[in-house]
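One structure is given below, encoded as structure tokens.
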Amino acid sequence: MSIDIIAIAMAWGIVSGYLLIRIMDSLVGVILCLLALINARWKRLAGKPSVNHVDPGIILRLMFQLTVIAVLCGFLFYYGYGFIRRESGFDYSGGKLILWSAMACATALSRLPATRRRLIFFWKMIHEFDYAQRRQRTFLLKS
């Protein structure tokens with residue numbers, strides 16, 4: 001393996017690890033949003049009075065944002081994969097695959113605490129009453 005291929009495997013491993021962890025946390029966030037919408041709809045259909053419920057518009061807006069992020073990261077990963085194979089002749093075999101996967105896993109594992117915080121934030125946005133509105137008011141007051 002040449003030094004160029006090693007550098008490409010390491011750089012592409014870091015970028016792809018980050019993109020893959022963002023795709024995964026966005027998809028989990030979309031699933032959480034869908035579950036919250038189904039739960040809210042079920043309570044409304046059952047006729048149970050719920051005073052403190054989250055506005056479905058907030059959930060739909062968050063779900064749209066997460067879907068856009070997941071699709072964007074997916075396109076970047078797909079086109080980056082094609083670009084790396086086409087421009088550098090990088091193939092996923094032998095030592096190059098091991099180096100690429102080690103860098104991708106290391107990057108993804110280093111981003112796990114941030115991913116956990118993001119998922120907790122998504123949970124609060126779609127399950128805690130008035131959390132999103134308070135956050136938006138605070139943001140508007142600071143700016």
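The values are calculated or read from the model by the stated rules, or taken from the named source; none is laboratory data. Just so we're clear, the structure is a prediction, and the values are computed from it rather than from any experiment. Cβ atoms come from the backbone with ideal geometry, glycine included; neighbour counts cover every protein chain shown. The protein model used for the area step is the full one, side chains on, heavy atoms only, and it has no ligands, DNA or RNA in it. Shrake-Rupley method; radii C 1.70, N 1.55, O 1.52, S 1.80 Å.
Report, to the nearest whole %, how much of the accessible area of the chain belongs to carbon and sulfur atoms, 1.4 Å probe, protein only.
69 percent
Got the relative contact order for region 21-143 handy, in percent, Cα pairs under 8 Å and 6 or more residues apart?
On the way: 68 pairs, mean separation 52.5, N = 123.
Relative contact order for region 21-143 comes out at 43 percent.
If I model a spin label as a point 7 Å beyond the Cα along the Cα-Cβ vector, how far apart are those points for Thr138 and Phe121 in nm?
Here the answer is 1.2 nm between the modelled labels.
Could you tell me which residue out of Trp42, Leu72, Leu109 lies farthest along the dipole of the chain toward its positive end? Charges go on the beta carbon: Lys and Arg +1, Asp and Glu -1, centred on the Cα centre.
Among Trp42, Leu72, Leu109, the one farthest towards the positive end of the dipole of the chain is Trp42.
For the chain, with a Gaussian network of springs between Cα atoms less than 10 Å apart, report the residue from Arg85, Arg111, Arg22 with the top mean-square fluctuation.
The residue that fluctuates most here is Arg85.
For Ser110, what charge total do you get from the other residues with a beta carbon under 15 Å from its beta carbon, if Lys and Arg give +1 and Asp and Glu give -1?
So the environment of Ser110 carries a net charge of +4.
Counting only heavy atoms of protein chains, what accessible area per residue, in Å², does the chain have with a probe of 1.4 Å?
Value for the chain: 67 Å² per residue.
For percent of Cα pairs over 23 Å apart, the choices are (1) 62; (2) 50; (3) 32; which was calculated from the structure?
Matching entry in (1) 62; (2) 50; (3) 32: (2).
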